[in-house]
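Down below is the structure, laid out as structure tokens.
Each value in this text was obtained by applying a stated rule to the coordinates, not by laboratory testing. Only a predicted model underlies this, so the values are computations on that prediction, with no experimental measurement involved. Cβ placement follows ideal geometry from the backbone for every residue including glycine, while neighbour counts extend to all protein chains displayed.
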Ligand code: 13P
């Protein structure tokens with residue numbers, strides 16, 4: 001059941017939950033994530049990140065078609081999203097494949113340029129009936145609290161004008177999370193998030209979402225986060241499972257072992273994001 005980001009985040013808002021949004025770098029990831037969501041009967045977002053093509057992990061042309069096919073066949077609502085598109089032509093390619101949502105990432109550009117390109121992405125997506133997420137602020141440097149968070153994290157007042165002038169459907173905000181592994185506990189700026197949520201009435205997105213404690217997930221969801229981007233710790237769970245796996249002769253056995261580990265990891269994340277776990281804060 002294919003849905004747009006706007007539609008899926010409406011479900012999240014009504015239930016005051018966050019939708020797990022997983023990078024699917026291969027067929028095994030797609031099976032793990034959609035399988036976990038179907039098992040729990042929860043909506044889910046699957047994403048292809050432009051950088052994963054640049055890293056040689058997969059191509060939009062191939063994995064995008066797999067994602068679309070699996071989303072259409074799923075028994076739960078699935079949004080197929082392009083993550084961190086920095087190039088407008090690449091965003092168009094995703095829309096041509098049927099992606100129901102794109103993220104334009106101009107976060108490293110000056111405000112005016114980020115806004116202008118985001119507006120182009122919004123106009124383009126509108127022609128396909130797709131949604132748009134954009135980002136303001138930067139994720140910062142891993143394991144190093146920035147000396148001046150104001151220069152790095154999302155500025156609540158600037159975010160108001162950015163959202164108003166761009167007409168995006170969801171805003172990715174920077175408030176202390178980073179992509180990849182955490183080597184020290186992440187320190188999130190909850191006060192900043194609360195302020196952004198009070199000023200802005202579209203759903204908020206947390207990137208660098210894996211590796212955060214369940215308690216912090218519940219806290220950010222209570223402060224308006226409706227989409228949590230998640231990949232690294234799911235991929236790490238697969239890596240650890242394969243490292244411990246004794247039967248490594250054939251790739252197909254390794255792939256099954258990795259898929260099971262990712263599915264288990266994604267299932268736990270979706271349970272927490274959907275408020276299904278019993279140890280509620
Ligand atoms: P993690 O690296 O924390 O899994 O975050 C993924 C992400 O934010 C993709 O946009």
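Computed quantities for the displayed model
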| read-out | value |
| --- | --- |
| Estimated distance in nm for a label pair at residue 59 and residue 187, the labels positioned 7 Å out from Cα along Cα-to-Cβ | 4.5 |
| Fraction of beta bridges assigned by DSSP in region 128-268 that are antiparallel (%, nearest 5) | 0 |
| Estimated distance in nm for a label pair at residue 160 and residue 199, the labels positioned 7 Å out from Cα along Cα-to-Cβ | 0.6 |
| Angle in degrees between helix 232-244 and the longest Cα principal axis of the chain, rounded to the nearest 10 | 20 |
| Per residue, the convex hull volume that the Cα atoms of the chain enclose (Å³) | 125 |
| Residue-span extension gain [residue 127 to residue 264] - 0.36 nm each, minus C-alpha spacing | 45.6 nm |
| Segment residue 87-residue 151, length gained on full extension (0.36 nm per residue, minus Cα span) | 20.6 nm |
| Nearest 10 degrees, 0 to 90: helix 111-128 Cα axis against the chain principal axis | 60 |
| Computed E for residue 167/residue 96 - FRET, C-beta separation, R0 22 angstrom, nearest 0.05 | 0.50 |
| q = 0.11, 0.19 Å⁻¹: log10 I(q)/I(0) that the Debye formula gives for region 1-131, counting C-alpha atoms only | -0.36, -1.05 |
| Acute angle (nearest 10 degrees) that the helix 190-199 long axis makes with the longest principal axis of the chain, alpha-carbon atoms | 60 |
| Förster radius 25 Å - calculated FRET efficiency between residue 215 and residue 15, Cβ distance, rounded to 0.05 | 0.80 |
| Beta bridges by DSSP in the chain, antiparallel share as percent, to the nearest 5 | 0 |
